[in-house]
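The values are calculated or read from the model by the stated rules, or taken from the named source; none is laboratory data. Quick caveat, the model's predicted, so the values are computed rather than measured. So basically every Cβ, Gly included, is an ideal-geometry build from the backbone, and we count neighbours across all protein chains shown.
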Ligand SMILES: [Zn+2]
């Protein structure tokens, strides 16, 4: 007895809507809370952004100039967060390595659509002059 599932043949049109997992890591200052000294490692757990530009699961894609305000989840201190750079890459092991060896934090899994699923490195502030 053969199992006959209807076979779906992907078309070019469908490929544009295929989502791909991407991994995001970032680097910013300060690396820990100036008041209680807790490390800022994971957004939502260690800090939240005051402006709320990330709404539950929906990224608005808005980028604020220069800095954002972070609220420490441990002591509620307000701190200006200066973004240095971030990576959005498809290689999870590389994202993990960047966190482990190069001081990046806040590893997040993202879903990217078709042509937007490309590795990017965004530099906000050059750390070497
Ligand atoms: Zn704190």
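Things to note:
- Residue list for the stretch 72-114, restricted to those being within 16 Å of the ligand (Cβ to nearest atom), over 22 Å from residue 125 (Cα atoms) and in contact with a strand residue (DSSP E or B) (Cβ under 7 Å, 6 or more places away or on another chain): 72, 73
- Meets criteria (more than 16 Å from residue 41 (Cβ to Cβ) and surrounded by fewer than 11 Cβ atoms within 10 Å (Cβ to Cβ)) for residue 115: yes
- Residue list for the stretch 78-129, restricted to those being modelled with pLDDT under 95 and assigned to a helix (DSSP H, G or I): 114, 115, 116
- Filtering the stretch 16-38 to residues that are within 18 Å of residue 104 (Cβ to Cβ) and either free of Cβ contacts under 8 Å to residues at least 12 places away in the same chain or more than 16 Å from the ligand (Cβ to nearest atom) (or both) leaves 21, 22, 23, 24, 25, 26, 27, 32.
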